[in-house]
Each structure stands twice: as structure tokens, then as C-alpha cells.
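Since every read-out is calculated from the coordinates, none of them should be taken as a lab result. Predicted model only: the values in this text are computed from it and were never measured. We place every Cβ from the backbone using ideal geometry, glycine too, and count neighbours over all the protein chains shown.
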Amino acid sequence: MLYRTAGQFKTSYHADHALFPVRQDAILLGFILLLAFVVFPLTASEFTFRAMLIPVLIYALAALGLNILTGYAGQLSLGTGAFMGVGAYACYKLTSIFPELNIVLAIALSGFFSAAVGVAFGLPSLRIKGFYLAIATLAAQFFLVWLFEKWAWLYNYSASGAIQVPNIDMFGVTVAGPNATAIVQYYFVLCVVCLVTWFAINITRGRIGRIWKSVRDMDIAAELVGINLMKAKLSAFAVSSYIVGISGALFVFLWRGAAEPVLFDIPLSFRVLFIAIIGGLGSILGNYLGAILIVALPVVISALPSALGIPIASATVEHLNTMIVGALIIVFLIVEPHGLARFWAIIREKLIMWPFPH
Amino acid sequence: MDFLNSILVKPFADMFGAPDFLLQVLWEGLVSGVLYALIALGFVLIYKSSRIFNFAQGIMVVFAALTLVGLHEKGVPALLAVPLTLLVMFILAVAIERVVLRPLVNQPDIILFMATIGITLFLVGFGEIIFGGENKVMITQELHIPTGSFEFEPFGGFVSIEQKDLTAVVGAIVLVAGLLLFLNKSKMGRAIRALGDDHQAALSVGISLSTIWVLVWFIAGVIALATGIVWGARAGVSFALEVIAFKALPVLMLGGLESVLGAIIGGLAIGVLEKLFEIYWGQPLLGGNTETWFAFVFALLVLLFRPQGLFGEKIIERV
């Protein structure tokens, strides 16, 4: 009833191909944006910003980047964490070499570095496919993390081997570093995420997106109809790594505040992959749903025992957490292998049909 | 010139300048190569029979070793603890088949791969709750594994070979030989290979998918226990062992995902080469710790010339 499409007539092809052919979708999106831009900042606490809202957005962005590569272009990658690291370290070097550089520009530029590295490690995809390629991307993962550790120039020869984000101002407001307030950082991340999402939605709907999908579905057939596989795969690697790199820069500059190489190790890659898969491969919305589940769930589980008054050691809670997340991944894969985005698609379908069964 | 010299000449001069040290390095590399090969073998078996890329093999190694040590701590005699651990691995295999694999039959490869990562996370949490996260000592003595070392003096130098390493190598050879015999000669083994060739054809001649899957996961569990004992005797039993699963991945790339022979040769090659690279190139020139990535980069370079690995089945693509 809420989603009744009756009466919404399309009188041109243009209208039929619009981003929101159903008016309620646009209303829903407006509602979500209202929630994100107005309601959350008014109500959320410092803890909620730092533990839930900002990480959800950043992880969703990283998953979006991975999803373009894996979900749209069909190239499985296990090196996301390292590409995030490239973005973070590039941004760190840019801000320390050019302290006057606007932070937005620094983050936008750092994406290009990770895009370049992504293309370099994407070159084997022209020869190698499937799981062989997945393992090949692990080469990037391990090599880059090793490089972050050994190449002292990257962390300005600091004794700890870690990078520390300085205070960075933009238009008189501190946006990054120890003095920044959570709400400013939240708005900053939210704006970047919205911008990139808008870009991603359009690029995946357009010509390049269709090329990627055809390569994903069957690359030889795609080649036979005249698609340049090299361009298609490498552009997917470039765009994906660019977004992942930006998310890495945000990850360190607007959330963690400091980072050491271990942070970008394989667990980070896997977490992003979980988000993309549980959310739904080949969907933009899924990344957000997946990020909410994977990021927020552990926070809720750790808070639960103390809230209920059950005394459990914090180490046990952590182990339980790992166990529950593992079990949940399996359960979600069994219940809906196409991810949370498919869940929403089914619900939406039902709402449009309601009250009729089909 | 100096740079080229330090890359191309000096390492080899070092090698032949101290042949006894080279021998020691080669032996160490060979032993870790045997372990990589064992883990890769677990992967290959499961991949061959079900096209599942089993990421959980590493945690199965840890889990098997922890169960063995944990049972012994509870007062079970060591020689009884081994069959009991095998029983636990069997139950694990049945549980994985029932709960995880059966509902996911016919899903895309990546979904099954994710499911095995889910299994990994679950077992990590489960294992830490039951056995605790701290490092444990493998019950080497109780299992009657010799612990002394043989010492040689070739080329006027000194080489020491630990007896437990030697036991590991011999044990691995016996295990692999047994496995090859089983796969090639027994009825069950043939059923496994038939399933690997074509699921539907195998089903249509009456091979039970679920029985074979349980069997294959159980064999992977047995290999995991063997790996766990050997590696645990060298480095102790802890969840840090899980990372050796990553070491098996380049072995798989190099050898080919479907090839038992490839897993063995690839494992040995990578074990030896990464040790040589680390000692003669990594430490003097690159600041050490190159073992984390060398195997991957090496395998990647080989793969550029042979996309299906050295011994993998030829990839035939049709539209």
C-alpha cells in the first residue's frame, strides 16, 4: 500500500530510465538523507559517532570500492586492506609535504596513488582468473603491508613506525587530528560518502558499468562482442582502488587518528569483503546494509552483557563476538546468498504487490 | 655496478663460500616446505572433490593441535589423545557438511569461499573460549617423537639436523604415499576423483555426495592434525599458527589448485626458495622479513607464464 505504483505513468523512455522510476524510492531516500544529515547529528552521542556512525560510513565506502571490482567487474580481490593503506599513507605524505594543502584535495589526490597501485596489481588479471587471481591479490596485500613497515620515508622516520594525524583545519574548523570534534568529522565523511555514492551509482548505470557487468558474466563472450577486456578490467581496478584509497585516507584521518602497518593487514581486507558479500555483490545499497551489520553488531554484542547485568570477562566477550560473527556469516549465506540488498528487493516487491500475493 | 654486484654476485659468493651454512639453510627450507605442502594438500583434496576453496584449513590445523594438547592437559594419555582428536575432527567434518555445505550446494564459488571464512572465524572464537588464547607446548615427548639432533661436518663446516624435523619429513612422506595410494587404488578414492571430475555424472552412477564430502573433510582434518603436531613441535601451539594457512596459498598457485603432486613440489620449492631469498637477498638488502610476501610474488610471476599453475588442469574456456 505504501509502495503502490499505480498512477505513476511513464510517458517517455527518459522517464522510464530515470534513477527513481518509482516515486516512493525517492521519498525513502530523502527520508534516509534527512535522518543522516539532521536527525543523527542532533541526537547521537560522541560514542555513537566514533563507534558506529563514522566507521559504518567509512567501511561502507571501502566495501563500495571493492564491490565495483568484485560485484560489478567480477574480479575477486583479497587485497582491499592494503589498498586502503596506500590511500592512507599517500594522504599522510601529501599532508606532511604540503601542509597548506586542503584536506579534501589531499584525500582526493591520495585516491590516485592507490588507483595506480591497484592498476599495477590488476595487470595479472589479464592472464589469471578466479581464485588464482584472488591469491594473486594477496601478493599485493602482503607486499604492501611489508613495505609500509620497512620503508621509513612513508612514516617520516618516526620511531614508533606509526603515522600520527596532525591537526588539520579547513575554513577555520578543525576537521582532522586530536582536536577535531566527532560531529565535524561525521559531516565530512558523510559528504564524501554521498558524493562517491552518487558517482558510483551513475558510473555503474552507464556505459562503463555495463561493460564491467558483461565482463563479469562471461569475459570471453564480452571480448567477442568487441569489448576491450584490458580496458574494462583495468578501469575496474582503477575506479575500485580509487574509492578504496579514499576510504583508507578517511579511515586514518577522520576516524582512527593514527595507524600502524598492522592495521591494514588481512583482517581488514576480510572485513571489507564480508561487508560487500553480506550486503550483496553487485549492489550499491548492500554495502551500507552490510556495513551496518558488520560494524554495529559487535558493538551491540559487546554492550549487551553489561547492559543485561551478566558478568562475563571482556576477553570472553571478544571471543564470543568472533564466534557469533562467523556463525552469522554462514547463516546469512545460507538464508540469502545474494545478500541483504536482495532481502530489501524482495520486501520492496512484496510491498508493491500488497495486499495481493502476486 | 656496486648495486648489481650485491644482487647478482655477492649472494652466490656467500653461498659457495660457506657451503655448510648453505646446506643448513636448504634443510630448514625443505622442512618448512614439507609443512606448506601438507597444508596445501588439505586444500587440494577439498578443492578437487567439491570446488570449495577451503580457507578454514589453517584454523583446522590449529584446532586439531589444540584439541590434542588440551585433551592431554585434561589427563588423557597422549597415545589415546590422538584417536580422540581424530574423532573430534570427524565430528567437525560431519558438522561442517550438515550445517554449512549441504544448504549451500550449487552456490557460486565465492559464496562457498566466504562460508569457509565464516567457519574460520567461528572456530577461532570457539577454540579461544574452550582452550584459551595463550601459547601451548606440543606434547612432543609423550608422542615418542625423538628430540635430539644429528650433527654433520661436511666441507669442514657444521650442519645440524633436528631429529623431530627428520621425523616430520618421514611422516609427511608416509602420509602422502598413503594418501596417493588411497586416492588411486581404493574405491572411495576413485569416487572422490570422480566427484572432482564431474558432480552430476558422479551422482548419476550412485556416488553419494554427502558421504564423500564428509570423508574428504575428515581426511583434511587428519592432514591438519599431522601438520599441527609437526608445526607445534617446532614453534608451539597457538592461534598464530593460523597464518601458515596463508603460506599454503602461493603453494597452491604455483602447483595448481587441483594437483596433489603440484602441492608437494610447489610446497618444497617455495619453502626452499623463500628461505634462500630471505637469507641471501632479503636480510642484507631489503631489511629482512621478506618471507611474508616472497612466496606470493614468486608464484604471481610464475602464474603470468602458466595461468593454471605448474601442474593444474589446463583451463579450457567455452562461450
> What lysines could a cross-link reach from residue B:247, if we take a straight Cα to Cα line under 30 Å and drop same-chain neighbours fewer than 8 places away?
Replying inline: A:129, A:150, A:233, B:10, B:48, B:136, B:164, B:275, B:314
>> Explain nothing, just compute: Karplus ³J(HN,Hα) = 6.51 cos²θ - 1.76 cosθ + 1.60, θ = phi - 60°, for every residue of segment B:177-184 in order, whole Hz, x for Gly and Pro.
In response: 4, x, 5, 5, 4, 4, 5, 8
> Rounded to the nearest 20 Debye, what is the dipole magnitude of segment B:2-305 about its Cα centre when Lys and Arg each give +1 and Asp and Glu each give -1 at the C-beta?
Replying inline: 1100 debye
> Hey, got the average number of other protein chain Cβ atoms within 10 angstrom for residues in A:123-135?
Replying inline: 6
>> With 10 angstrom as the radius, rank A:3, A:13, A:89 by how many other C-beta atoms surround their C-beta, starting from the fewest.
In response: A:13, A:3, A:89
>> Positive end of the dipole of segment B:4-162, charges at C-beta (+1 Lys, Arg; -1 Asp, Glu), about the Cα centre: which of B:33, B:146, B:121 has its Cα farthest in that direction?
In response: B:121
>> Check which residues have an amide H placed less than 5 Å from residue B:53's amide H, if you skip close sequence neighbours.
In response: B:113
> Summing +1 for each Lys or Arg and -1 for each Asp or Glu, what net charge is found among the other residues whose Cβ lies under 14 Å from the Cβ of residue A:207?
Replying inline: +4
> Other chains near B:105-114: what is the mean number of their Cβ atoms within 10 Å of each residue's Cβ?
Replying inline: 5
> How big is the charge dipole of the protein assembly as shown about its Cα centre, in debye rounded to the nearest 20, if each Lys and Arg gets +1 on its Cβ and each Asp and Glu gets -1 on its Cβ?
Replying inline: 2140 debye
> What percent do you get for the relative contact order of chain A when only Cα pairs under 8 Å and 6+ apart count?
Replying inline: 30 percent
> Quick one: Karplus J couplings for segment A:52-60, per residue in order, coefficients 6.51, -1.76, 1.60, θ = phi - 60°, nearest Hz, x for Gly and Pro?
Replying inline: 10, 5, 5, x, 4, 5, 5, 5, 4
> At what distance in nm do the modelled label points of residue A:123 and residue A:38 sit from each other, each positioned 7 Å from its Cα along Cα→Cβ?
Replying inline: 5.2 nm
>> What is the sum of charges, Lys and Arg at +1 and Asp and Glu at -1, for the other residues whose Cβ falls under 13 Å from the Cβ of residue B:131?
In response: -1
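Could you tell me what fraction of 2.2 N^0.38 Å the Cα radius of gyration of segment B:23-69 comes to, as a two-decimal ratio?
1.40
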>> Between 0 and 90 degrees, rounded to the nearest ten: what's the tilt of helix B:57-73 against the longest Cα principal axis of chain B?
In response: 90 degrees
> With θ set to phi - 60° and the Karplus curve 6.51 cos²θ - 1.76 cosθ + 1.60, what are the ³J(HN,Hα) couplings of segment A:266-273 in order, to the nearest whole Hz, using x for Gly and Pro?
Replying inline: 4, x, 5, 4, 5, 4, 5, 5
>> For a quick check, take a GNM of chain B with Cα springs below 10 Å and name the residue from B:208, B:32, B:259 with the largest mean-square fluctuation.
In response: B:208
>> Using a 10 Å cut-off around each Cβ of peptide B:292-302, what is the average number of partner chain Cβ atoms that fall inside?
In response: 5
> With +1 on each Lys and Arg Cβ and -1 on each Asp and Glu Cβ, how big is the dipole of chain A about its Cα centre, in debye rounded to the nearest 20?
Replying inline: 840 debye
>> Can you give me the long-range amide H partners of residue B:237? Hydrogens built in the peptide plane at 1.01 Å from N, cutoff under 5 Å, separation of 5 or more residues or another chain.
In response: B:136, B:137, B:138
> Considering the dipole of the protein assembly as shown built from charges on the beta carbon (Lys and Arg +1, Asp and Glu -1) around the Cα centre, which of A:56, A:159, B:233 is farthest to its positive end?
Replying inline: A:56
> Can you give me the relative contact order of chain B as a percent, contacts being Cα pairs under 8 Å and 6 or more apart?
Replying inline: 34 percent
>> For a quick check: sort A:354, A:255, B:213 by the number of other beta carbons within 10 angstrom, fewest at the front.
In response: A:354, A:255, B:213
>> I want the local charge near residue B:303. Using Cβ-Cβ distances under 12 Å, sum +1 for each Lys or Arg and -1 for each Asp or Glu among the other residues.
In response: +3
> Cα-Cα pairs above 34 Å in the protein assembly as shown: how many percent?
Replying inline: 50 percent
>> As I understand it, the dipole of the protein assembly as shown uses +1 on the Cβ of Lys and Arg and -1 on the Cβ of Asp and Glu, about the Cα centre. Which of B:266, A:179, A:240 lies farthest toward its positive end?
In response: A:240
